[in-house]
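Report on the structure given below.
Please treat every number below as a calculation from the coordinates, not as lab data. Note that this is a predicted model, so its numbers are computed, not measured. Reconstructed Cβ throughout: ideal geometry from the backbone, glycine too, with neighbour counts over all protein chains shown.
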Amino acid sequence: MKETDDIRPAVPAAQPLDAMDRKILAVLVEDATVSYAELGGRVGLSAPAVHERVKRLKRSGVIQRMAALIEPNALGKGLLAFIHVDTRGWGKTPALMAVVDCPEVEEVHSVAGDTCMLLKVRTESTHALEGLLARLYDTPGVLATRSYVVLSTYLERPPQPGITASWPVPKAARITDGAQ
């Protein structure tokens, strides 16, 4: 008999999101605790129809998980900072990726541009941020960091289901094209 514990079931082919899927996601991204009846009422579908769509969105991986958004100050983590990490070589080494074990690290991105890695961190103080930076500098391959402490946040949100239909044309492009 063949062992199949580590074989994942085939994920159904993802169908493109339609306007109704996006309406449902827009409600859920604001409040994932709404009942199916309320969700259906807000988007114009029955509760069973909404339930089936949400199940499909979960099964296809569009909805990855439901999570609570926590007020950082309630946790004592009022200092938000972004850290650019410069490394020798590619940078995404196991030693550097171990930083994900620090609960202060919220996001880790490998980026193109003038740095290798970008971290989003929340700490309780500048002293704690300094400790995290010391931890980074102790990591083999880390050459330098640049920290950007956030003074005010005007918008912070999860990915949104909407898509901008038309972007404005910059004035410079309109002048070049001859349109005024």
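Observations
- Here the relative contact order of the chain, from alpha carbon pairs under 8 Å that lie six or more residues apart, stands at 22 percent.
- Placing +1 on the Cβ of every Lys and Arg and -1 on the Cβ of every Asp and Glu, with no other charges, gives the chain a dipole of roughly 560 debye about its Cα centre.
- Distance between the 7 Å Cα→Cβ label points at L155 and T93: 3.8 nm.
- Relative to the longest principal axis of the Cα atoms of the chain, helix 47-59 runs at roughly 40 degrees.
- Residue range of the chain that is longest and free of trypsin sites (Lys or Arg not before Pro) which are both DSSP loop and sparsely packed (at most 16 other C-beta within 10 Å): 93-180
- In this structure, A26 and C102 have a Cβ-Cβ separation that, at R0 = 35 Å, corresponds to a calculated FRET efficiency of about 0.60.
- Nearest 10 degrees, 0 to 90: helix 19-30 Cα axis against the chain principal axis: 50 degrees
- Vicinal HN-Hα couplings computed from phi for the stretch 88-98 (Karplus, 6.51 cos²θ - 1.76 cosθ + 1.60; Hz; Gly/Pro x): 7, x, 5, x, 7, 8, x, 5, 6, 5, 5
- When the stretch 59-164 is described by a simple charge dipole with +1 on each Lys and Arg Cβ and -1 on each Asp and Glu Cβ, the residue from T93, Q64, A74 located farthest towards its positive end is Q64.
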